[in-house]
Amino acid sequence: MLALENVSQHYGSFRALDGISLQAKEGELVVLLGANGAGKSTIFLTASGLLKASGGSIRFRHHELAGMKPSEVVERGVVLCPEGRKLFPQMSVLKNLMLGAYVHRRDKAGNQKRLDEVFELFPILAERREQAAGSLSGGQQQMVAIGRALMSRPQALLLDEPSLGLAPLVVKQVFEVIQRINKAGTTVLLAEQNAYAALKIAHRAYVIEGGRIVMEGDRDSLMGNESVRKAYIGA
């Protein structure tokens, strides 16, 4: 289980996170909903070790992650797929994917097995493995980003705005893959503005506003909540 308890993140006098407490249980798909600037990405950057928490505890399977280096967090099984993909555009699809396997670089057989699994999820990447990642469509680049994260062998996968900038049909495909990843046993924490698509595949969700959790519940309760529907679903 991944659990954040009373986590704060300050930039000078500005509180980006103000006592955040949330959890994703083993095998769950949990969604973080919120507008731009609500604090979703800051939660992920802090949980993955890229930002040092100003206070609070971040635990995964009884291990304290707060204070660990990002590489150590990955080794523990918590892996971030960042907003904006963050690919190396001049490098091939294959080389971008293999960067995700760096912490397991000595296990060549295991990395090949995981690469085969990524190509099974995203057959188009197998076809274009030698193509420069920057030459792919936006949807295919998002597939590379997710695939790279999977190469790190996550037990808990943090997906930050994977639908951003994608066409509706591609969003549907990406969310189907996320659901497959979860059903295969990976715990998923998904930050999304596309509330309707995200809630359809979620077990539970948290609503973040101004660095605080203002609402939480299961999929059905939040889908049926009038405030959530007006603010995030548009109905």
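Miscellaneous remarks
- Spans of strands (runs of 3 or more DSSP E) in the stretch 170-235 with at least 1 residues at pLDDT 95 or above and among the polar types (S, T, N, Q): 187-192
- A single entry from Ser135, Ser152, Ser163 fulfils the requirement of being hydroxyl-bearing (Ser, Thr, Tyr) and over 18 Å from the mean Cα position of the chain (by Cα): Ser135.
- If the condition is being surrounded by 14 or more Cβ atoms within 10 Å (Cβ to Cβ), among the polar types (S, T, N, Q) and either in a helix (DSSP H, G or I) or outside the structural domain of Gln131 (by TED's automatic domain parsing) (or both), then the stretch 70-116 contributes Asn96, Asn111.
- Residue within the stretch 37-49 that is among the hydrophobic types (A, V, I, L, M, F, W, C), crowded, with 17+ Cβ neighbours inside 10 Å and assigned to a strand (DSSP E or B) present: no
- Single residue of Arg128, Arg106 found to be modelled with pLDDT under 95 and charged (D, E, K, R): Arg106
- Test: residue in the stretch 75-91 that is of a type in the set (D, E, K, R) and farther than 24 Å from Glu161 by Cβ: yes
- Among the residues of the stretch 174-186, those identified as touching a helix residue (DSSP H, G or I) at 6+ places or on another chain (Cβ under 8 Å) and touching a residue at least 60 places away in the same chain (Cβ under 8 Å) are Ile178, Gln179, Ile181, Asn182.
- Scanning the stretch 187-225 for residues that are touching a residue at least 12 places away in the same chain (Cβ under 8 Å) and of a type in the set (Asp, Glu) gives Glu192, Glu209, Glu216, Asp218.
- Candidate set from the stretch 144-169 (those that are of a type in the set (A, V, I, L, M) and modelled with pLDDT under 95); member that is surrounded by the most Cβ atoms within 10 Å (Cβ to Cβ): Leu166
- Single unsatisfied condition, Gln140 versus (1) within 20 Å of the chain's Cα centre (by Cα); (2) closer than 21 Å to Thr186 by Cβ: (2)
- Taking first residues from the stretch 70-82 that are touching a residue at least 12 places away in the same chain (Cβ under 8 Å) and partners that are in a loop (DSSP other than H, G, I, E, B) and surrounded by fewer than 18 Cβ atoms within 10 Å (Cβ to Cβ), the Cβ contacts under 7 Å between residues at least 6 apart in sequence or on separate chains come to Pro70/Leu50; Gly77/Gln155.
- Pair list, Cβ < 8 Å and 6+ apart or interchain, from the stretch 26-51 residues that are farther than 17 Å from Val214 by Cα to residues that are small (Gly, Ala, Ser) and part of a strand (DSSP E or B): Phe44/Ala191
- Inclusion of Gly185 among residues that are of a type outside the set (D, E, K, R), surrounded by fewer than 16 Cβ atoms within 10 Å (Cβ to Cβ) and closer than 20 Å to Lys86 by Cβ is not warranted.
- Flag for Leu32 being crowded, with 21+ Cβ neighbours inside 10 Å and touching a Phe, Trp or Tyr at 6+ places or on another chain (Cβ under 8 Å): yes
The values are calculated or read from the model by the stated rules, or taken from the named source; none is laboratory data. Everything numeric in this text was worked out from a predicted model, so none of it was measured. Please note: Cβ atoms are built from the backbone with ideal geometry, for glycine as well, and neighbour counts cover all protein chains shown.
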